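Worksheet: one structure, shown below.
The values are calculated or read from the model by the stated rules, or taken from the named source; none is laboratory data. Remember, it's a predicted structure, so these values are computed and weren't measured experimentally. Quick reminder, even Gly has a Cβ in these numbers, built from the backbone with ideal geometry, and neighbours come from all protein chains shown.
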Amino acid sequence: MDFRVVRRVRDGLAELIGVVNSGTVSTVDARRVLSESKALAAQVAVLQADAAALVAAGERHRDGGAGALAEAAGLSRRDAAGQLKAVQRLQSMPAVRDAVTDGEISLANAKTLARACEQVPAEQVQQDGDLLEKAASLSPERFARGRAAGSRSAKTTGARRGIGVCGLGAG
């Protein structure tokens, strides 16, 4: 593996941090950096989980890589296990995983999708463009609230209201 790629990413992030802290960045640009950092965080989370799973398989760890991820990334074991579980669930939803790795959907919203859709076929989730659009555009709090509201509505009115798969509403 060529670790020059890792070095370039780290150098690019260091340069970006320097620019943000230079005192010359407008609030508009700072907001754009914040938006892009959401994508970066999701991509790093998937990278970490994939690498930890490879380590676990190669070294025959029984924890799926949670220990390796926790140690290497400075996470608690609980957080590492949660991250691994979420990324693993995305394997059955390639469109959602691609949206996360492309930085379109935050890891938090992907986790909400994965948890909410355990009883729904993955194909159904991936075909719900409105749901994926909401996962991409809403904050984790609003997306989760929409899920709760959608679940309550689904229990009382069923699918007639067009709630979408997984009981996720508009928020």
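Results, tabulated for the structure shown:
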read-out	value
Condition check for residue 5: surrounded by 10 or more Cβ atoms within 10 Å (Cβ to Cβ) and hydrophobic (A, V, I, L, M, F, W, C)	no
Which listed residue is touching a Phe, Trp or Tyr at 6+ places or on another chain (Cβ under 8 Å) and under 24 Å from residue 135 (Cβ atoms), from 112, 101	112
Enumeration of residues in segment 89-112 that are without any contact (Cβ under 8 Å) to a residue 60 or more places away in the chain, in contact with a helix residue (DSSP H, G or I) (Cβ under 6 Å, 6 or more places away or on another chain) and not in a loop (DSSP other than H, G, I, E, B)	89, 90, 95, 96, 97, 100, 101, 108, 109, 111, 112
Checklist (1) at pLDDT below 90; (2) hydroxyl-bearing (Ser, Thr, Tyr); (3) surrounded by fewer than 20 Cβ atoms within 10 Å (Cβ to Cβ) applied to residue 112, failing item	(3)
